[in-house]
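Colleague: Before I ask anything, here is the structure I am working with.
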Amino acid sequence: MASSTLTFLGAAGTVTGSKYLLTLPSGARVLIDCGMFQGLKRLRQLNWEPFPVPPESIDAVLLTHAHADHCAYLPALVKQGFDGPIWCTQGTRRLTEIVLRDAAFLQERDAEDARSGGYSKHDPPRPLYTVADAERAITLLRTVQFDDDVALLGGELTARYVRAGHILGSASIHVTTPDTQIVFSGDVGRPVHPVLQPPVIPPGAPTVLIESTYGDREHPEPADLPHEAMADAIRRTIARSGSVLIPAFAVDRTEAVLKELAKMIRDRRIPRVPIYVNSPMALRALDAYSDHAEDLREDIHFDDITEMRNLVLVESSEDSKKLTSSPLEGAIVITSSGMMSGGRVVHHLAQMLPATRNCVIVTGFQALGTRGRALLDGVEELKMFGEMVPVRAEIIRDEEFSVHADASEIIGWLRALEPQPRTVYCVHGEPDSSTALAARITAELGVNAVVPELGHEVRLS
Ligand SMILES: [Zn+2]
């Protein structure tokens, strides 16, 4: 008899492009996550290749969460013929709508800029997909409740989504097929998230896919004064009449950064300077968080944060252009994209990087090949809009914002699974990180752990 198989179509040996194709004994196909490859050019080029199986042959997509590296390939899949349901939680649906519209808008605009600026000799200046493709993908989103056993494909498959505590709506998914069970961890949050409820351990299964973003690292122990590196950088930057740029993932990171800044001002650790949130996507995500109080920690009240009197929400592109047209003094700007690969952050970088009085605070994981990674690696100049911009501003990193479990937290998550897995696949990590985690899993849990290669297919029973 045929058995279920799993094919690793992304996030294998890299952090982006999450896509796992589950084929059932009947031949039915389900795709778990549908992420975009990001970062290095050789990875980004994978987005342009034809999908490995005919997209119309996929019966459904299950989404763990709304980060672009997990959902932003959906419009491309739809453009190539997929028209089945896309199952996700309510929070994920809300954020996925925002992420897909933004991704499509950026695709169209960057293609247009490259065409008119003439600085895209190598990449064809056309969008991977359009806003219309994104809107079609959005019509296919269907919601599930956390902790319910949901029968899909006429009962051939059951899925249970449990809270992953990573971003709003994020889930780990336990899947039961006619012949086996599999757990897809999605991205797993830390035991304490700045605003969300903590992760829940799903039921165990013989096969587990575990993320390994920080598979070779431990986050710093919580300090007495949280985010002091950031507070100190803000104080000295404002004292020298500079401004602080905080690139932040529009979804989740902006919420966490604002919450910390509000608290720092209340505790008089930083001066009450203007705080600009210059990201329409972040503003919409902020609304989504405010509307899903059931997913938030009980002590979080977004109204307290969004009603701070020094907060300036920058919506229109005219206001954004005004903000980046001349040097800013004594202000904080939160903007996206978080890895500085596109969006309004690039205009702020071009304006702020050449001056030593300014400071950029990096708050999130920076994939290889992104501007953010280059800044952390200490480059002296950075290419923007086809020109080299000198990097003279101070660059610091605040690692306390991580919403990914570290290696020990992942081991703890795996150890809590009941029953224990027979095989763990370490996905969603750069090779060193995934390999280090696999070695720890084998050594500490006595479980077979594998780092799959892109395109690898395994039998599950
Ligand atoms: Zn994520």
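Colleague: Report yes if A285 is more than 22 Å from V244 (Cβ to Cβ) and among the aliphatic types (A, V, I, L, M), otherwise no. Explain how you work it out, then say what you get.
Modeller: Details: more than 22 Å from V244 (Cβ to Cβ): no; among the aliphatic types (A, V, I, L, M): yes.
No; evaluated as a whole, the condition is false for this residue.
Colleague: Does region 69-81 include one or more residues that are assigned to a strand (DSSP E or B), away from the ligand (no atom under 14 Å from the Cβ) and buried (at least 24 other Cβ atoms within 10 Å of the Cβ)?
Modeller: As a first pass, look at region 69-81 and keep what is assigned to a strand (DSSP E or B): none.
Among the residues of region 69-81, not one is assigned to a strand (DSSP E or B), away from the ligand (no atom under 14 Å from the Cβ) and buried (at least 24 other Cβ atoms within 10 Å of the Cβ), which makes the answer no.
Yes or no, residue by residue, for (1) of a type in the set (A, V, I, L, M, F, W, C); (2) in contact (Cβ under 8 Å) with a residue 40 or more places away in the chain; (3) in contact with a Phe, Trp or Tyr (Cβ under 8 Å, 6 or more places away or on another chain):
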site	(1), (2), (3)
P55	no, no, yes
G81	no, no, no
T96	no, yes, no
V99	yes, yes, no
E112	no, no, no
L128	yes, yes, yes
E135	no, no, no
L153	yes, yes, no
V162	yes, yes, yes
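Colleague: Would it be correct to say that P202 is at pLDDT 95 or above, more than 23 Å from the chain's Cα centre (by Cα) and of a type outside the set (A, V, I, L, M, F, W, C)? Explain how you work it out, then say what you get.
Modeller: Working: at pLDDT 95 or above: yes; more than 23 Å from the chain's Cα centre (by Cα): no; of a type outside the set (A, V, I, L, M, F, W, C): yes.
No, not satisfied.
Colleague: Could you check region 399-431 and list, in sequence order, the residues that are assigned to a helix (DSSP H, G or I) and modelled with pLDDT under 95?
Modeller: E399, E400, F401, P431
Colleague: Any idea how many residues of region 37-63 are within 12 Å of the ligand (Cβ to nearest atom) and modelled with pLDDT of 95 or more? Full working, then the answer.
Modeller: Taking region 37-63 as the starting set, the residues that turn out to be within 12 Å of the ligand (Cβ to nearest atom) are 38, 63.
Checking which are modelled with pLDDT of 95 or more leaves us with 63.
Qualifying residue count, region 37-63: 1.
Colleague: In region 7-21, how many are over 19 Å from P50 (Cβ atoms) and surrounded by fewer than 23 Cβ atoms within 10 Å (Cβ to Cβ)?
Modeller: Matching residues across region 7-21 total 1.
Colleague: Here is a follow-up. Would you kindly identify the strands (runs of 3 or more DSSP E) lying entirely within region 306-391 that contain at least 1 residues that are free of Cβ contacts under 8 Å to residues at least 24 places away in the same chain?
Modeller: By residue number, 381-384, 387-390.
Colleague: Here's another thing I want to ask about it. Output the residues belonging to region 262-271 that are over 25 Å from L353 (Cβ atoms) and assigned to a loop (DSSP other than H, G, I, E, B).
Modeller: Selection gives D267, R268, R269.
Colleague: Continuing with this model, one more query. Got a number for residues in region 291-310 being over 15 Å from H193 (Cβ atoms) and modelled with pLDDT of 90 or more?
Modeller: Residues meeting the conditions: 2.
Colleague: To continue, here is another question. Which one of A103, A66 is modelled with pLDDT under 95, within 29 Å of G165 (Cβ to Cβ) and crowded, with 20+ Cβ neighbours inside 10 Å?
Modeller: A103
The values are calculated or read from the model by the stated rules, or taken from the named source; none is laboratory data. Remember, predicted model here, so these are calculated numbers, not experimental data. With ideal geometry, Cβ positions are generated from the backbone for all residues, glycine too; neighbour counts draw on all protein chains shown.
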